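A quick write-up on the structure given underneath.
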Amino acid sequence: MSIIQAIILSIIEGITEFLPVSSTGHMIIGSSLMGIASAPFTKTFTVAIQLGAILSVVVLYWKSFFKSIDFYIKLLVAFIPAAILGLLLAKRIDALLEDVLVVGITLFTGGVILIFVDKWFKKTETSGLEVVSKKSALIIGFFQTIAMIPGVSRSAATIIGGLTQKLNRKTAAEFSFFLAVPTMFAATCKKLYDFYKLGGGTFSGHEIKLLALGNFLAFVVAMLAIRSFITFLTRHGFKWFGYYRIIVGLIIIILSLSGYKLAML
């Protein structure tokens, strides 16, 4: 992986991590276009730089992380389903990370769902709850497990999970951000450990520099993206993200089924 490739993937991660469009799916598409999707370090890099993105949540919402022990209990409850399934299905998830057709299908399907989300949960925007209960946190946690399929979007799955629990959009989105912290931190640690073992216990100096650069860029870009997303979501809802996903998903599906190899795409 070159420095330019790392910069491109980091910007993609920073922009898409907290949007309901699937950061993993977009990085798979990006790395496939650059012909580096199947490289072991690419898989590690695309997960590891999510740590930089989630640190932006800690910085922007630092007061929330000092509210109470109850806040952490809810995050733990929501985190458990993904932690268990992530360990059980790790190899299958890794295999899916190379399948761009899967990304195309899930982007398209998720886009169709997002177009109707605002109508389904219209009442929550005016009378939705602003406090997440432990039961709601657990249900949101189960919704998060759906996002193990590349292209689904962890953000979309958890926000919709929050809406099913009658949370308003802002509260559902912010809890989704908070839940990203333990989830992505755990995923990053595991992926780095797995790559560390695979590489005989060492990262090259070049790889360390790429990881540092990637996390920094993802952090900066995500800081800007989070604020913009909350504002856009409360004003316009999900439909425009749905249209975007459908268009991108269709393009990927058509190219894949037409015989293009997404190493070139």
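The values are calculated or read from the model by the stated rules, or taken from the named source; none is laboratory data. Bear in mind that the values here come from a model prediction, so they are computed numbers and not experimental data. Every residue, glycine as well, gets a Cβ built from its backbone with ideal geometry; the counts of neighbours run over all protein chains shown.
Let's see how each residue does on (1) in contact with a Phe, Trp or Tyr (Cβ under 8 Å, 6 or more places away or on another chain); (2) at pLDDT below 90:
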residue: K134; (1), (2): no, no
residue: A147; (1), (2): no, yes
residue: N168; (1), (2): no, yes
residue: A173; (1), (2): yes, yes
residue: D194; (1), (2): no, yes
residue: G199; (1), (2): no, yes
residue: L224; (1), (2): no, yes
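Output the number of the condition that K63 fails; it satisfies all remaining conditions of (1) in a helix (DSSP H, G or I); (2) at pLDDT below 85.
Failed condition: (2).
Testing T183 on (1) without any contact (Cβ under 8 Å) to a residue 60 or more places away in the chain; (2) part of a helix (DSSP H, G or I), one condition comes back false. Which one is that?
(1)
With the structure loaded, tell me whether T158 is part of a helix (DSSP H, G or I) and surrounded by 23 or more Cβ atoms within 10 Å (Cβ to Cβ) or whether it fails that test. Explain how you work it out, then say what you get.
Details: part of a helix (DSSP H, G or I): yes; surrounded by 23 or more Cβ atoms within 10 Å (Cβ to Cβ): yes.
Here the answer is yes, as T158 does meet what is asked.
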